[in-house]
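Trainee: My questions all concern the structure below.
The values are calculated or read from the model by the stated rules, or taken from the named source; none is laboratory data. On a predicted model such as this, the values are computed, not experimentally measured, just so you know. In this analysis, Cβ positions are derived from the backbone assuming ideal geometry, glycine residues included, and neighbour counts consider all displayed protein chains.
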Amino acid sequence: MYTAFTFPDVIKTNHKLKSVYLKREVELEIFMPDNLLGNEHVNLLLINDGQDLAQMDMERTLSALYQKWIIEPTVVIGVKAGAERILEYGIVGKPDFKKRGIKAKAYSEFISKELMLFVENEINVNINGKRAFAGFSLGGITAFDIAWNHDNYFDIVGVFSGSFWWRKKDLSADYTDEDRIVHEMIRETEGKPDVKFWLMTGTNDETADRNHNFIIDSIDDTIDVVKELLKKGYQRPNDICYYEMVGGKHDVQTWAKAMPKFLEWAFGKTRI
């Protein structure tokens, strides 16, 4: 007698979580793997800017990867941004030169102290696999910051078109590349967080080229993050994947095309 292979179904639900730290209600869109046998490794993925997942057709993306036996079952939680996104996203304790990101600490505490507790108490599957945090643009460096400082919760961070330009000074105020906040955070951190990194840019992400080297800033800034990580002792390809999409833009359509590649890299099914 043979047991037929079954693929996980995807069940999408919506939830609202009251946050003490953010002083607001946070909307969540959750994609649960269903039709499991009970012996699988189940992963977790949190995604900033969860309001974009409908346009990215996340439900269909997950279903297609399951049916092709490409990824392990994964609970995906899209965290929808609030009206103060530009204040809540960023690097904790280091707002940019326009004071954007001044509420990043409150958002980080929401993730680590409220959302992770929600996952533990309310998600009705045993998450025994990898735990990842991902985001797009400013939401990407926010995920990077939180995963970097909470490697007890997260194993993987995925950054799509990350705002690694995030800086302490305006370009007109004697700016140098030393003023980039994420790069400085990596350099100044003692030790080496136990996290793996997937960093994506598109060749048409922008047109800005502040140092006139014929490489757009988003690619320069992301590659410089890779360089800082290598200095920390991380290695390619085991710890770092850099994906540059030819023709990729700074938009949801590009990130939707890149999402399956990230999911396979992060949660790829082990073949025997």
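Trainee: Is there a residue in region 23-45 that is assigned to a strand (DSSP E or B), at pLDDT 95 or above, under 21 Å from D145 (Cα atoms) and touching a Lys or Arg at 6+ places or on another chain (Cβ under 6 Å)?
Mentor: Yes, there is a match, as at least one residue in region 23-45 is assigned to a strand (DSSP E or B), at pLDDT 95 or above, under 21 Å from D145 (Cα atoms) and touching a Lys or Arg at 6+ places or on another chain (Cβ under 6 Å).
Trainee: Which residues, taken from region 251-272, are at pLDDT below 95 and surrounded by 15 or more Cβ atoms within 10 Å (Cβ to Cβ)?
Mentor: The answer is K269, and nothing else.
Trainee: In addition: Look at region 161-178 and say how many of its residues are in contact (Cβ under 8 Å) with a residue 40 or more places away in the chain and among the acidic types (D, E).
Mentor: The qualifying residues number 2.
Trainee: How do the pairs read when you match residues in region 223-240 that are under 21 Å from G202 (Cβ atoms) with residues anywhere that are in a loop (DSSP other than H, G, I, E, B) and at pLDDT 95 or above, using Cβ under 6 Å and keeping only pairs 6 or more apart or on different chains?
Mentor: Taking only residues 6 or more apart or on different chains, the pairs are V225/F164; I240/Y234.
Trainee: Here's another thing I want to ask about it. Step by step: first the residues of region 198-236, then only those that are basic (K, R) and assigned to a helix (DSSP H, G or I), then the one that is farthest from the chain's Cα centre (by Cα). Which residue is that?
Mentor: This residue is K231.
Trainee: Check whether at least one residue in region 74-95 is among the basic types (K, R), modelled with pLDDT of 95 or more and in contact with a Phe, Trp or Tyr (Cβ under 9 Å, 6 or more places away or on another chain), and report yes or no.
Mentor: Yes, region 74-95 has at least one match.
Trainee: Could you go through region 240-260 and let me know if any residue there is of a type in the set (K, R) and either out of contact with any Leu (no Cβ under 9 Å at 6 or more places or on another chain) or assigned to a strand (DSSP E or B) (or both).
Mentor: Yes: one or more hits.
Trainee: Looking only at residues in region 174-189 that are in contact with a helix residue (DSSP H, G or I) (Cβ under 9 Å, 6 or more places away or on another chain) and of a type outside the set (D, E, K, R), which one is surrounded by the most Cβ atoms within 10 Å (Cβ to Cβ)?
Mentor: Looking at residues that are in contact with a helix residue (DSSP H, G or I) (Cβ under 9 Å, 6 or more places away or on another chain) and of a type outside the set (D, E, K, R), I get V182.
Trainee: Moving to a separate point now. Any idea which of K192, K168 is under 23 Å from R236 (Cα atoms) and surrounded by fewer than 20 Cβ atoms within 10 Å (Cβ to Cβ)?
Mentor: Every option except K192 fails the conditions.
Trainee: Condition test on T207, is it loosely packed, with under 14 Cβ neighbours inside 10 Å, within 27 Å of D170 (Cβ to Cβ), out of contact with any Cys (no Cβ under 9 Å at 6 or more places or on another chain) and of a type in the set (S, T, Y)?
Mentor: The answer is yes for T207.
Trainee: With the requirement that a residue be out of contact with any Gly (no Cβ under 7 Å at 6 or more places or on another chain), closer than 21 Å to I30 by Cβ and of a type in the set (A, V, I, L, M), what does region 82-137 give you?
Mentor: I111, L115, M116, L117, V119, I123, V125, I127
Trainee: Turning to a different aspect of this structure: Does F7 meet the test of being under 30 Å from A173 (Cβ atoms) and not in a helix (DSSP H, G or I)?
Mentor: No.
Trainee: Something else now. Which condition number in (1) farther than 19 Å from N128 by Cβ; (2) loosely packed, with under 15 Cβ neighbours inside 10 Å; (3) small (G, A, S) is the one that G38 fails?
Mentor: Checking G38 against (1) farther than 19 Å from N128 by Cβ; (2) loosely packed, with under 15 Cβ neighbours inside 10 Å; (3) small (G, A, S), the one that fails is (1).
Trainee: Let me ask something additional. Between residues in region 189-203 that are free of Cβ contacts under 8 Å to residues at least 12 places away in the same chain and more than 24 Å from A256 (Cβ to Cβ) and residues that are among the hydroxyl-bearing types (S, T, Y) and part of a loop (DSSP other than H, G, I, E, B), which pairs lie under 9 Å by C-beta distance while being six or more apart or on different chains?
Mentor: Note: no pairs meet the criteria.
Trainee: Right, something else. I'm checking my understanding of the structure. Among residues of region 50-97 that are without any contact (Cβ under 8 Å) to a residue 24 or more places away in the chain and part of a loop (DSSP other than H, G, I, E, B), which one is surrounded by the most Cβ atoms within 10 Å (Cβ to Cβ)?
Mentor: P95
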